[in-house]
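Comments concern the structure below.
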Amino acid sequence: MAIRFQKKIVLLALIAVVAVLAGLLARGYLKYREFRENPAKIIEAIPEGTNIVLGEVRHTAVREGRKEWVLEAASAQYSESTKEAVFDEVKVTFFLENGEQIHLQGQKGTINTASNDMQVAGNVRVEKDEQIFLTEKIDYNHTNRYLISPSEVRITGPRFDLRADTMRVDLAAETAFFKGAVKGTIDAANQLRL
């Protein structure tokens, strides 16, 4: 009789352990599905003040259902406390309203995750069609969709070669403004267009 009673206790304990494990597995699976359907929830689940290091990053900025830009980088470090991500080997593709694209690349990049403003530095190269902009640093103002080079910039194309102390590109209006010691050559038959 005592052996039967012991078997019942062991069986009940085993059933309880299996039930707890099944509950934990079900909870884990539901969390997995939640994160899979909405990856942004992973960031929300990270405790405040946590720093994260990621490899091979891709981030897309969308406004009013329209893709504005895609950032790709070899690696990123994210700080929740400063709402800032720092990237290595950055490449950004900006999408213009007319369907054309502008490609930007540099050695280092920083993005404010609250505003989507960014800065790219180190051998910065911006390309659109056959036009190439070269500078050491460029800022992106997400609200106004401006690319701003506060340092010397060189712009080349098939029929022109310009230099200026600073440059601002308005991606929405598809215009560029050059300021300070602007000099260079332009083929008179060439129409400059952003």
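The values are calculated or read from the model by the stated rules, or taken from the named source; none is laboratory data. Since this is a predicted model, take the numbers as computed values, not measurements. All Cβ positions, glycine included, derive from the backbone under ideal geometry; neighbour counts span all protein chains shown. Ligands, DNA and RNA are excluded from the accessible area calculation, which covers all protein heavy atoms including side chains. Shrake-Rupley method; radii C 1.70, N 1.55, O 1.52, S 1.80 Å.
Candidates are the residues of segment 21-55 that are modelled with pLDDT of 80 or more and open to solvent by 90 Å² or more (accessible area, probe 1.4 Å); the one that is farthest from ALA73 (Cα to Cα) is LEU21. Provide a single number: the residues in segment 56-99 that are over 22 Å from THR143 (Cβ atoms), surrounded by 12 or more Cβ atoms within 10 Å (Cβ to Cβ) and among the acidic types (Asp, Glu). Number satisfying all stated conditions: 4. Of all residues in segment 140-186, those satisfying the criterion of being touching a Phe, Trp or Tyr at 6+ places or on another chain (Cβ under 6 Å) and open to solvent by 50 Å² or more (accessible area, probe 1.4 Å) are ARG168, ILE186. Pairs meeting the criteria (first residue in segment 131-149 and closer than 11 Å to THR166 by Cβ and of a type in the set (D, E, K, R), second residue part of a strand (DSSP E or B) and open to solvent by less than 40 Å² (accessible area, probe 1.4 Å), beta carbons under 6 Å, at least 6 apart or on different chains) are LYS137/ALA121. All conditions in (1) modelled with pLDDT of 90 or more; (2) surrounded by fewer than 17 Cβ atoms within 10 Å (Cβ to Cβ); (3) more than 15 Å from THR175 (Cα to Cα) hold for GLN119, with the sole exception of (2).
Kindly establish whether THR110 is of a type in the set (S, T, N, Q) and under 19 Å from ALA73 (Cα atoms). In short, yes.
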